[in-house]
Amino acid sequence: MVRFLALIAALTALLAPAPSRADPADIDAAARGVVRVVIMGREDDKVVPLSHGTGFAVSPRRIVTNAHVVRAAAMDDALRIGVVPAEGDEAAYSRILAVSPRNDLALIELTGSLRLPPLTVAANAPRDAGDVIAVGYPMNVDRAQGLDLGDIFRSQPPVKSRGALAGARPSRQFDTLLHTAAIARGNSGGPLVDPCGRVIGVNSFGAESDASDAEFFFAVST
């Protein structure tokens, strides 16, 4: 846990201050540093994807995601972690640098030649109100497009879902930001960004609700 926080602190300390004015192009720029994180195994001597989540670059080689996205790979050396970028034809393997199950955060590092544009982490994130955008790779969108597990190895732009902050909510393990930007399975580990494209949280889970209830989602607060 101490090692994980030290690594994150060192990375965010190097990030340049973000501009104060919102620009729609900032969201597109941030999305280029968002990746699909794929857990892979072997079946009949073939590499097959078993599950996937989302992550985002905090340096050209290092990516933040949820601890639960990489949990299986952390427990089984036979599994590997692949990273598929939003653009280009190059994918890469990665290794786990640190995991904090208590905060549902993990830091992984690319092992190939792939380099990514890092996102900016907001120094003073809003906690109670404001527009937000969730960026990631929801599985229900993949299914609606008729994509199968093999298709997730191809670079695709992430889905950007807009909503609003609904307040800060402490949980038993970590502080969260409650918001209404729709996420689904596969979004886990993706960034929740402000209108300037700065990361204010890491999407983790959603609230269970009936069809008539308002839907809320939780991001690990930065």
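Quick rundown of the values:
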| item | result |
| --- | --- |
| Over segment 56-173: Kirkwood hydrodynamic radius from C-alpha pairwise inverse distances, Å | 16.2 Å |
| Stokes-Einstein D (µm²/s) once Rh is taken as the Kirkwood radius of segment 106-185 over alpha-carbon pairs, at 4 °C in 1.567 mPa s | 84 µm²/s |
| Point-to-point label distance, Ser113-Ala168, nm (Cα→Cβ direction, 7 Å offset) | 4.5 nm |
| Accessible area (Å², 1.4 Å probe, nearest 10) - Phe217 | 20 Å² |
| Ordering of 138-148, 66-76 by burial proxy (mean other Cβ atoms within 10 Å per residue, highest first) | 66-76, 138-148 |
| Sorted peptide list for 156-165, 181-190, criterion being average Cβ within 10 angstrom, highest first | 181-190, 156-165 |
| Percentage relative contact order, segment 153-195, counting C-alpha pairs under 8 Å, at least six apart | 31 percent |
| At 1.567 mPa s and 4 °C, Stokes D of segment 37-112 from Kirkwood alpha-carbon radius, µm² per second | 104 µm²/s |
| Alpha-carbon Debye profile of segment 143-196, log10 I(q)/I(0) at 0.15, 0.16, 0.24, 0.25 Å⁻¹ | -0.60, -0.66, -1.09, -1.14 |
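The values are calculated or read from the model by the stated rules, or taken from the named source; none is laboratory data. Note that the coordinates shown come from a computational prediction; the quantities given were computed from them, not determined experimentally. Counting neighbours? That spans all protein chains shown, and the Cβs are built from the backbone with ideal geometry, glycine included. To get the accessible areas, we keep the full protein, side chains included, count just its heavy atoms, and leave off ligands, DNA and RNA. Shrake-Rupley method; radii C 1.70, N 1.55, O 1.52, S 1.80 Å.
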